[in-house]
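**Q** I'd like to ask some things about the structure below.
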Amino acid sequence: MGHAVLDEATREQYLAQLTLEPVTHLTCTTLEALRNELTLTRERGYAIDDEENELGIICFGQAVRGADGRVEGAISVSVPRYRPPDDGHQRILECIRSLCSDAGLV
């Protein structure tokens, strides 16, 4: 999530240093795919790792902002892919947003 909120020049500088190695068959392995995912993350306000790092695991993450609005970190929740009910993804995201809001981190 943190890389999605970087300005374009800083993000491109970071991406230029990456070696994209597949961890699973779902891992983003091209800069174009990663750029697209970062754009989606920025637009929706949260990140999703859908079995890209470990098969059977889906992760949701949201940037944590300080009082000045700058990103200070992130909160991530990982769950088995089979476990959440149909609305489970939305409930997880609502919990992350609520936690950040209650802590004054958004």
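The values are calculated or read from the model by the stated rules, or taken from the named source; none is laboratory data. The structure displayed is predicted, hence computed values, not measured ones. All Cβ positions, even for glycine, are placed from backbone atoms using ideal geometry, and neighbour counts span all protein chains on display.
**Q** How many residues are hydrophobic (A, V, I, L, M, F, W, C) and surrounded by fewer than 16 Cβ atoms within 10 Å (Cβ to Cβ) when one looks only at region 1-12?
**A** Total meeting the criteria: 1.
**Q** LEU15: among the aliphatic types (A, V, I, L, M) and either surrounded by 17 or more Cβ atoms within 10 Å (Cβ to Cβ) or not in a loop (DSSP other than H, G, I, E, B) (or both), yes or no?
**A** Yes; evaluated as a whole, the condition is true for this residue.
**Q** Also, I was wondering about something else. Assuming SER78 fulfils every condition listed in (1) within 9 Å of the chain's Cα centre (by Cα); (2) hydroxyl-bearing (Ser, Thr, Tyr); (3) more than 20 Å from ARG11 (Cβ to Cβ) apart from one, which condition is it?
**A** SER78 satisfies every listed condition except (1).
**Q** Right, here's the next one. Could you list, in sequence order, all residues of region 33-63 that are at positive phi and either out of contact with any Leu (no Cβ under 6 Å at 6 or more places or on another chain) or part of a helix (DSSP H, G or I) (or both)?
**A** Selection gives GLY45, GLY56.
**Q** Just wondering, is there one or more residues in region 57-71 that are of a type in the set (S, T, N, Q) and either buried (at least 16 other Cβ atoms within 10 Å of the Cβ) or modelled with pLDDT under 90 (or both)? First the steps, then the outcome.
**A** Here is the first cut: in region 57-71, the ones of a type in the set (S, T, N, Q) are 62.
Pick out the ones that are also either buried (at least 16 other Cβ atoms within 10 Å of the Cβ) or modelled with pLDDT under 90 (or both) and you get 62.
Within region 57-71 (the criterion being of a type in the set (S, T, N, Q) and either buried (at least 16 other Cβ atoms within 10 Å of the Cβ) or modelled with pLDDT under 90 (or both)), the answer is yes, since at least one residue qualifies.
**Q** Every residue in region 1-43 that is over 21 Å from GLY73 (Cα atoms) and β-branched (Val, Ile, Thr), please.
**A** Matches in region 1-43: THR19, VAL23, THR24, THR27, THR29, THR30.
**Q** While we're here: Being surrounded by 12 or more Cβ atoms within 10 Å (Cβ to Cβ) and either touching a strand residue (DSSP E or B) at 6+ places or on another chain (Cβ under 6 Å) or not hydrophobic (A, V, I, L, M, F, W, C) (or both) is the filter here; which residues of region 18-31 pass it?
**A** Within region 18-31, the subset surrounded by 12 or more Cβ atoms within 10 Å (Cβ to Cβ) is 20, 23-24, 26-29, 31.
The answer is THR24, THR27, THR29.
**Q** Right, something else. Could we say that TYR82 is among the hydroxyl-bearing types (Ser, Thr, Tyr) and touching a helix residue (DSSP H, G or I) at 6+ places or on another chain (Cβ under 9 Å) here?
**A** For TYR82, the condition - among the hydroxyl-bearing types (Ser, Thr, Tyr) and touching a helix residue (DSSP H, G or I) at 6+ places or on another chain (Cβ under 9 Å) - is not met.
**Q** Something else: Can you tell me how many residues within region 32-56 are surrounded by 14 or more Cβ atoms within 10 Å (Cβ to Cβ) and among the hydrophobic types (A, V, I, L, M, F, W, C)?
**A** So the count comes out to 4.
**Q** The conditions are (1) assigned to a helix (DSSP H, G or I); (2) modelled with pLDDT of 80 or more; (3) of a type in the set (S, T, N, Q), and SER76 fails exactly one of them. Which is it?
**A** Checking SER76 against (1) assigned to a helix (DSSP H, G or I); (2) modelled with pLDDT of 80 or more; (3) of a type in the set (S, T, N, Q), the one that fails is (1).
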